[in-house]
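**Student:** Below is the structure I would like to discuss, written out as structure tokens.
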Amino acid sequence: MGNKVARGPIGTFRTPMTNKRKRAGWTLLEIMVVVTLIAMATAMATMNFRGPLIKTRYRAFAQRLVDVDHRLRRQCLQNNQANYLTVDCDRNEFSYTNHQGNPQRVGCPPRSQLKYWMDDSGKRSTRRVRIHYDSHGASSSFAVCITLGKTQSWLVFLGRTGECLKCSHEKQVKEIFDEAKSFRADAR
């Protein structure tokens, strides 16, 4: 078995013998390349969807906190009695008593943590704190720091007006509190 001699219009030349059997299946290298490409595409898709998912969870949680704040203010005004919102950093939740006297809990979303609570004097705490809502629906101003993944955000609740603001740094929170204090001092 050697080379096959072929005659053509130009002359005689030799060609190597070819294997007459057909190839069956894929080589290991081909399979590994395909699996690697699929893995890379999956990883890129996962990274692209993770960011919006984290933002959506944060927005939903922030909206729930704003709803609880407004609900407590409305409940205090309607019943003409005070109420409390408890911020528990250890348990990672907020709790309050609804108008029927039943305790209600608002937990943080998965992979998030309630890191700090801060009052309007700038005092920061990581323990359980009760925020008083008076019978007129007003509370003291406070802020909570929530970490979601690698993102850290502050939600600032302004007590008299009921506004909720989002900040990314503690310095911004303190500036808001200072501005609110000077505004109250000017109003007197």
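**Student:** Let me confirm something: among ASN83, ASN102, ASN92, which residue is surrounded by fewer than 14 Cβ atoms within 10 Å (Cβ to Cβ) and either of a type outside the set (Lys, Arg) or at pLDDT 80 or above (or both)?
**Tutor:** None of the others qualify; the one that does is ASN102.
**Student:** Considering only region 111-121, I want to know if a residue exists there that is closer than 21 Å to PHE177 by Cβ and exposed (fewer than 15 other Cβ atoms within 10 Å of the Cβ).
**Tutor:** Residues of region 111-121 that are closer than 21 Å to PHE177 by Cβ, as a first pass: 114-121.
Still in the list and also exposed (fewer than 15 other Cβ atoms within 10 Å of the Cβ): 121.
For region 111-121, residues closer than 21 Å to PHE177 by Cβ and exposed (fewer than 15 other Cβ atoms within 10 Å of the Cβ): present.
**Student:** Restricting attention to region 114-124, report how many residues are assigned to a loop (DSSP other than H, G, I, E, B) and either among the hydroxyl-bearing types (Ser, Thr, Tyr) or in contact (Cβ under 8 Å) with a residue 40 or more places away in the chain (or both).
**Tutor:** 3
**Student:** If PHE49 satisfies every condition in (1) in a helix (DSSP H, G or I); (2) surrounded by 11 or more Cβ atoms within 10 Å (Cβ to Cβ) but one, which is the exception?
**Tutor:** Tallying (1) in a helix (DSSP H, G or I); (2) surrounded by 11 or more Cβ atoms within 10 Å (Cβ to Cβ), PHE49 fails exactly one: (2).
**Student:** Could you list, ordered by first residue, the pairs with Cβ atoms under 7 Å in which the first is in region 96-113 and within 27 Å of THR56 (Cα to Cα) and the second is in a loop (DSSP other than H, G, I, E, B) and at pLDDT 80 or above, at least 6 apart or interchain?
**Tutor:** Cβ pairs passing all conditions: GLY107/ASN92; CYS108/ASN92; GLN113/ASN92.
**Student:** Any residue at all in region 63-75 that's in contact with a Cys (Cβ under 7 Å, 6 or more places away or on another chain), among the hydrophobic types (A, V, I, L, M, F, W, C), surrounded by 13 or more Cβ atoms within 10 Å (Cβ to Cβ) and not in a strand (DSSP E or B)?
**Tutor:** yes
**Student:** Could you list, in sequence order, all residues of region 125-147 that are surrounded by fewer than 15 Cβ atoms within 10 Å (Cβ to Cβ) and not in a loop (DSSP other than H, G, I, E, B)?
**Tutor:** Answer for region 125-147, where residues must be surrounded by fewer than 15 Cβ atoms within 10 Å (Cβ to Cβ) and not in a loop (DSSP other than H, G, I, E, B): SER125, ARG130, HIS132.
**Student:** I'd like the full set of residues that are farther than 21 Å from ASN83 by Cβ and either over 20 Å from the mean Cα position of the chain (by Cα) or free of Cβ contacts under 8 Å to residues at least 24 places away in the same chain (or both), limited to region 51-72.
**Tutor:** Matches in region 51-72: GLY51, PRO52, LEU53, LYS55, THR56, ARG59.
**Student:** Does THR36 satisfy being over 26 Å from PRO110 (Cβ atoms) and surrounded by fewer than 11 Cβ atoms within 10 Å (Cβ to Cβ)?
**Tutor:** In short, yes.
**Student:** So, one more: Being touching a Ser or Thr at 6+ places or on another chain (Cβ under 7 Å), of a type in the set (Lys, Arg) and modelled with pLDDT of 80 or more is the requirement here; does LYS115 meet it?
**Tutor:** yes
The values are calculated or read from the model by the stated rules, or taken from the named source; none is laboratory data. Note that the structure is a prediction, hence the values are computed from the model and not measured. Virtual Cβ from ideal backbone geometry, glycine too; neighbours counted across all protein chains shown.
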